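Here's the structure we're looking at; comments come further down.
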Amino acid sequence: MHLKNSFLRHLLMVLSGLMLTFAIAPCLYADHDTALRTDLNFSYTFNEKFRGLSYAYLQADDEMSKYDYAEWGIGLNVQLPLPWLSFQVQYCQGYTKDEGRSWSLEQDPGASLNLQTKLGSFSVENQILFEYRILPEWKDFRIKNILVISCPMTLLTPYAGLESYYENREKALMLNRLKIGIDAAISRHVSAGPYYRLDFSNVDHSWEWARQLIGVRLNISY
């Protein structure tokens, strides 16, 4: 209980600091963008071994003024004999609007290994995802590593995460994302909550703050 209270207290402090940063950052850093995203997630557990997944993202960039990105995906998660390890196959499509108001399509079939464990009151999840990116101009693969640490409680689940993207096309780590948020249980099958994300891009071998993102996600699970 002490660990949970301590984690929640520090999380709220960090969230307050991030909200303050969000308020003053546009004045201090003119080069990064501010985006707004809505995440819709659905999962269905068929039995102890198989779980179906689907999601959809809607995003507005350019200081939240331009709806220019959408993504959806479906997947199947298979629990392996080890209780802390599962395997997942998935297929995703992303749509990006260019300056000419035309939408371009990216297809991303992929597979991942998912590790999950408990450390006291905390839940630690790590996904190692291999994706094959199919765009009109080129095709290549990338590797994502997604780490999430959460503290499940009765009604609230605060969490923090780090996402790293290795692009084989560039032969380098090209994107890091820091994320912090909190989900609230609305019912047995529904939860929702806000999150804040910072994106750092590798530009000419130098890391630059590219985007801050305010997100709201809705999770439905059966």
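Bear in mind these aren't lab numbers, they're just calculated from the coordinates by the rules spelled out. Computed from a predicted structure; not experimentally measured. FYI the Cβ positions are ideal-geometry reconstructions off the backbone, even for glycines, and counts take in every protein chain you see.
In terms of packing, defined here as the mean over residues of other Cβ atoms within 10 angstrom, the peptides 171-178, 158-165 line up highest first as 158-165, 171-178. Converting phi to 3J(HN,Hα) with the Karplus coefficients 6.51, -1.76 and 1.60 and the offset θ = phi - 60°, the stretch 130-140 yields 9, 10, 9, 8, 10, 10, x, 8, 7, 9, 6 Hz in sequence order, with x at every glycine or proline.
For residue 62 and residue 122, a Förster radius of 30 Å and the Cβ-Cβ distance give a FRET efficiency of 0.25, rounded to the nearest 0.05. Think of each Lys and Arg Cβ as +1 and each Asp and Glu Cβ as -1; about the Cα centre, that makes the dipole of the chain roughly 980 debye.
Highest mean first, the peptides 73-86, 120-133 sorted by other C-beta atoms within 10 Å per residue fall in the order 120-133, 73-86. Dipole of the stretch 150-222 computed with +1 at Lys/Arg Cβ and -1 at Asp/Glu Cβ about the Cα centre; of 216, 152, 189, farthest Cα towards the positive end is 189.
Counting pairs on different chains as well as pairs 8 or more places apart, how many Lys pairs in the chain have Cα atoms under 21 Å apart? Summing the qualifying lysine pairs gives 9.
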